[in-house]
Amino acid sequence: MKSHTASLFNAGPVKRILDLAVKAQESSGTIVLEDELRRFIRAVENDSSAQWACPIHTATALLDLAGDTIDSGAIESMPPDFQTTISRAAEGMNCGEYLHTLAGVIRLLDKEGAPDYTELPMSRWEMRVRFPGLKGFGVNWIYDGDYSSLAESTAAAIASEHPLCNEFLSSLAAEAQAALALFPNPRSMQLALAREIEWVSSSSLRELVNRINAHMLEEHGHCP
């Protein structure tokens, strides 16, 4: 019986961390691995669900488990895609040793605490993880050009979910409020989010929140 499942290596924190490592290794020095790992730590620490399901110390334990599996000579039992990924990330280093080293680096960085966004700007992948609702709103309701204004796009999005719209709107409003709180002026908003979520600005997010609140008050008797 195998001591692991393919999903341990093909999904979840081990895959995410190794994907970041490969991206840094193959970036010709334009991406710093430690910065990507700090962003990974920040993404987990800023999400209570992620902390509950798989805190950082669990992620590093999984890296060590994968390293132990390789150390035992069982790398051939691992999924082929994982073998390719770890080889690319390790770049000539013993794969098991690389995973143990990576786990150790993350533990050290975790002790330092997650940096704020002025110290370490949000990356594109981090934006997609932190603000999936805002990203999806643009893709589904703005970029196709079916509506002439944010007001029309918002009305169409609300109508598509109403009357069972509370969960959709509450999470969307929460992301918009979080973005406004994290990036309180137009320039910081532009630098932080608009590279990945083109429709976002301080004014557009305030309008979105106001329209969601208005709908919830008028149709449901409360704000999200």
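The values are calculated or read from the model by the stated rules, or taken from the named source; none is laboratory data. Just so it is clear, the model here is predicted, and its values are computed rather than measured. Glycine gets a Cβ as well: all are built from the backbone with ideal geometry, and neighbour counts include every protein chain shown. With ligands, DNA and RNA removed, areas are computed over all heavy atoms of the protein, side chains included. Shrake-Rupley method; radii C 1.70, N 1.55, O 1.52, S 1.80 Å.
Using per-residue counts of other Cβ atoms within 10 Å, averaged over each peptide, order 118-124, 24-30 from highest down.
118-124, 24-30
Run the simple label-point estimate for residue 161 and residue 45 please: 7 Å along Cα→C-beta, distance reported in nm.
Output for this residue pair reads 3.0 nm.
Could you let me know the centre-to-centre spacing of segment 148-168 and segment 58-107, using Cα atoms, in angstrom?
45 Å
Nearest 10 degrees is fine. How inclined is helix 56-71 to the longest principal axis of the chain, computing both from alpha carbons?
Roughly 30 degrees, rounded to the nearest 10.
I'd like the carbon and sulfur percentage of the solvent accessible area for segment 1-82, probe radius 1.4 Å, heavy atoms only, ligands and nucleic acids excluded.
54 percent
State the number of lysine pairs found in the chain whose Cα atoms come within less than 25 Å, restricting to pairs 8 or more positions apart or on distinct chains.
For the chain, the number of qualifying lysine pairs is 6.
Which Cα, out of 98, 87, 5, lies furthest along the positive dipole direction of the chain (beta carbon charges, K/R +1, D/E -1)?
Farthest along the dipole direction, towards plus: 98.
Could you state the accessible area per residue of the chain in Å², with a 1.4 Å probe and every protein chain left in place?
Accessible surface, normalised per residue, equals 53 Å².
I need the shape label for segment 98-167. Rule: rounded when a/c is under 1.5, else prolate if a/b > b/c, else oblate, with a, b, c from the alpha carbon gyration tensor.
Prolate, because a/c is 1.5 or more and a/b exceeds b/c.
Highest first, please rank the peptides 8-14, 158-164 by the mean number of other Cβ atoms sitting within 10 Å of their residues.
Those peptides, ordered most packed to least, come out 8-14, 158-164.
Using +1 on the beta carbon of Lys and Arg, -1 on that of Asp and Glu, and nothing else charged, what's the dipole of the chain about the Cα centre, debye to 20?
180 debye
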